1. Whether any residue in the stretch 185-202 is within 16 Å of ligand 1 (Cβ to nearest atom), among the β-branched types (Val, Ile, Thr), touching a Cys at 6+ places or on another chain (Cβ under 8 Å) and assigned to a strand (DSSP E or B) is what I want to check.
2. Of the conditions (1) within 15 Å of ligand 2 (Cβ to nearest atom); (2) farther than 26 Å from GLY171 by Cα; (3) crowded, with 18+ Cβ neighbours inside 10 Å; (4) polar (S, T, N, Q), THR106 satisfies every one except a single condition; which number is it?
3. Mind listing whichever residues of the stretch 162-184 are more than 12 Å from the chain's Cα centre (by Cα) and part of a strand (DSSP E or B)?
4. Across the stretch 203-213, which residue is farthest from TRP5 (Cα to Cα) among those that are in contact with a Leu (Cβ under 8 Å, 6 or more places away or on another chain) and either in contact (Cβ under 8 Å) with a residue 40 or more places away in the chain or assigned to a loop (DSSP other than H, G, I, E, B) (or both)?
5. Based on what the data block shows, is PHE82 within 14 Å of ligand 1 (Cβ to nearest atom) and either in a strand (DSSP E or B) or surrounded by fewer than 22 Cβ atoms within 10 Å (Cβ to Cβ) (or both)?
6. What is the number of the single condition among (1) more than 16 Å from ligand 2 (Cβ to nearest atom); (2) more than 21 Å from MET109 (Cα to Cα) that THR135 does not meet?
7. Suppose we filter the stretch 16-51 for residues that are part of a loop (DSSP other than H, G, I, E, B), small (Gly, Ala, Ser) and within 16 Å of ligand 2 (Cβ to nearest atom); how many remain?
8. Among the residues of the stretch 129-163, count how many are buried (at least 22 other Cβ atoms within 10 Å of the Cβ) and either touching a residue at least 60 places away in the same chain (Cβ under 8 Å) or among the hydroxyl-bearing types (Ser, Thr, Tyr) (or both).
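The values are calculated or read from the model by the stated rules, or taken from the named source; none is laboratory data. Because the structure is predicted, anything quoted here is derived from the model rather than measured. Every residue, glycine among them, receives a Cβ derived from its backbone with ideal geometry; neighbour counts consider all protein chains shown.
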Amino acid sequence: MRASWYDQFSDSPDVLRSARIKPTVVPVLDFEIGGEDFITMAGPCSVETEAQLMATAIHVRRSGARILRGGAFKPRSSPYSFQGLGLEGLRMLARARHRTGLAIVTEAMSEADVPMVADYADILQIGSRNMENYTLLEAAARSGRPILLKRGMVATIADFLRSAQIVLACGNPNVILCERGIRTFETSLRNTFDAAAIALLRQITHLPVIGDPSHAAGHRELVPVLARIAVAAGADGLIVEVHPSPDRAWSDGEQSLDFAGFDAMMHGLKPWLALRDHTLADTVKAELMEAAR
Ligand code: PEP
Ligand code: MN
């Protein structure tokens with residue numbers, strides 16, 4: 001790793017890659033994030049009804065997802081928008097896990113909710129708007145659950161790494177970084193997908209990195225291509241919004257894929273994932289040769 005990066009990110013020493021630290025592999029149920037397998041997390045923006053959630057869970061599982069996403073506590077920009085079903089939503093997620101075997105990732109929005117969310121979730125999501133909520137980060141870290149840390153919409157890489165450092169410093173090594181688009185002068189799309197951030201994070205940290213093409217794009221037409229870009233940039237996985245009937249979704253319908261759209265995205269990823277497997281095999285070979293020298 002380039003020496004100047006150690007200086008640039010020196011206030012987050014524990015997240016930086018080094019010869020002494022093995023890449024972090026986050027265990028979830030019977031699989032891992034950050035290992036050889038590419039992990040897709042998929043599901044609705046918000047948990048709405050039992051039927052909506054269960055149909056989505058069954059579908060995305062069949063199409064290759066390993067983790068069900070769905071918000072029970074929603075950070076909405078308007079107080080008049082749907083705020084989430086709370087505990088009832090968490091219970092629905094747990095039933096979907098029981099029925100499908102998918103792991104659950106869901107957002108905790110406040111310190112007070114962390115113990116309850118951690119009771120139901122396999123991974124706690126810290127949303128973009130809360131990336132710098134340090135008391136929430138500490139409470140989430142102490143729950144012992146893996147943390148999916150979304151990049152703040154105006155956070156630099158250094159800010160992002162500082163938040164990851166807080167979780168690690170609380171004794172929780174299982175952090176997954178998520179690039180979900182940032183605010184720039186460009187307003188054509190909901191956010192600007194910072195694919196270079198994925199490539200950079202893969203070089204400078206030992207943590208798994210995933211991409212969120214849904215929040216980055218804001219329009220479902222762009223989601224499959226941003227997903228491919230995330231794979232090409234070196235992501236370990238994706239988190240994608242999927243809904244049985246996106247135009248009727250209670251939140252983020254514009255950017256949600258329907259079932260056929262999700263299947264098409266997954267199918268389109270195959271050649272990119274095959275290339276990723278080659279690259280991984282080459283990296284492992286190079287490391288073995290380096291070690292043998
Ligand atoms: C979400 O995942 O639905 C969400 C609110 O994401 P973000 O925090 O990235 O906006
Ligand atoms: Mn959303």
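1. No; the residues of the stretch 185-202 include none that is within 16 Å of ligand 1 (Cβ to nearest atom), among the β-branched types (Val, Ile, Thr), touching a Cys at 6+ places or on another chain (Cβ under 8 Å) and assigned to a strand (DSSP E or B).
2. Here THR106 meets the rest and fails (2).
3. ILE182
4. ASP212
5. Considered against the rule, which asks whether it is within 14 Å of ligand 1 (Cβ to nearest atom) and either in a strand (DSSP E or B) or surrounded by fewer than 22 Cβ atoms within 10 Å (Cβ to Cβ) (or both), PHE82 comes out as yes.
6. THR135 satisfies every listed condition except (2).
7. Looking only at that region, the number is 0.
8. 5
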